[in-house]
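In what follows, a single structure is set out as structure tokens and then discussed.
The values are calculated or read from the model by the stated rules, or taken from the named source; none is laboratory data. This is a predicted model, so every value here is computed, not measured. Glycine gets a Cβ as well: all are built from the backbone with ideal geometry, and neighbour counts include every protein chain shown.
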Amino acid sequence: MGTSCMASLKASEIKAYREKQLEAQAFICPLCYRSILPSEAALDHCHSTGKVRRVLHRWCNSVLGRVENWATRSGINKIEFLKSTVAYLEAPQTIVTHPSHGKKRRKANGKAKRKPRSKKVVHRRNR
């Protein structure tokens, strides 16, 4: 694993390589720019070439993988799709509010404020 011209990693080398790469990245995810704990780390790779890219959060890696897999299956250029996504999200919004906005949030907040139910203790009689 020590050479820079390595063709491929062995399965047994992935953990050490991921940890070394994570340290080289200063434990920062290149997608969300948040710190990555070793337990949250995923060694990302291109599914077309198999080449390792960087270490991402598991969730960031999952989202990226979903977009890439969808684009491949749909025959859409993933880079153009992501550029369009950024432009779309940065574009001005309408003045109309969607009817579901706030309802889910209120439900979630209401659940979080309630006290959890106490578990019933079942006592068994000795025979």
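Inside region 3-57, can you point out the residues that are acidic (Asp, Glu) and loosely packed, with under 15 Cβ neighbours inside 10 Å? Quick ask: steps written out before the conclusion?
Looking only at region 3-57, we keep the residues that are acidic (Asp, Glu), and these are 13, 19, 23, 40, 44.
Scanning region 3-57 gives Glu13, Glu19, Glu23.
Residues in region 72-90: is at least one among the charged types (D, E, K, R), surrounded by 12 or more Cβ atoms within 10 Å (Cβ to Cβ), touching a residue at least 12 places away in the same chain (Cβ under 8 Å) and in contact with a helix residue (DSSP H, G or I) (Cβ under 6 Å, 6 or more places away or on another chain)?
Quick first cut of region 72-90, residues among the charged types (D, E, K, R) only: 73, 78, 80, 83, 90.
Those left that are additionally surrounded by 12 or more Cβ atoms within 10 Å (Cβ to Cβ): 78.
Still in the running and touching a residue at least 12 places away in the same chain (Cβ under 8 Å): none.
The answer is no, given that none of the residues of region 72-90 is among the charged types (D, E, K, R), surrounded by 12 or more Cβ atoms within 10 Å (Cβ to Cβ), touching a residue at least 12 places away in the same chain (Cβ under 8 Å) and in contact with a helix residue (DSSP H, G or I) (Cβ under 6 Å, 6 or more places away or on another chain).
Ile36: β-branched (Val, Ile, Thr), over 19 Å from Thr85 (Cβ atoms) and touching a helix residue (DSSP H, G or I) at 6+ places or on another chain (Cβ under 8 Å), yes or no? Steps first, please.
Details: β-branched (Val, Ile, Thr): yes; over 19 Å from Thr85 (Cβ atoms): yes; touching a helix residue (DSSP H, G or I) at 6+ places or on another chain (Cβ under 8 Å): yes.
Against the criterion (β-branched (Val, Ile, Thr), over 19 Å from Thr85 (Cβ atoms) and touching a helix residue (DSSP H, G or I) at 6+ places or on another chain (Cβ under 8 Å)), Ile36 qualifies.
Residue-wise test of (1) more than 22 Å from Phe81 (Cα to Cα); (2) in a loop (DSSP other than H, G, I, E, B); (3) in contact with a Lys or Arg (Cβ under 6 Å, 6 or more places away or on another chain); (4) modelled with pLDDT under 95.
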| site | (1), (2), (3), (4) |
| --- | --- |
| Gln21 | yes, no, no, no |
| Ala26 | yes, yes, no, no |
| Pro30 | no, yes, yes, no |
| Asp44 | no, no, yes, no |
| Thr49 | no, yes, no, yes |
| Val55 | yes, no, yes, no |
| Asn61 | no, no, no, no |
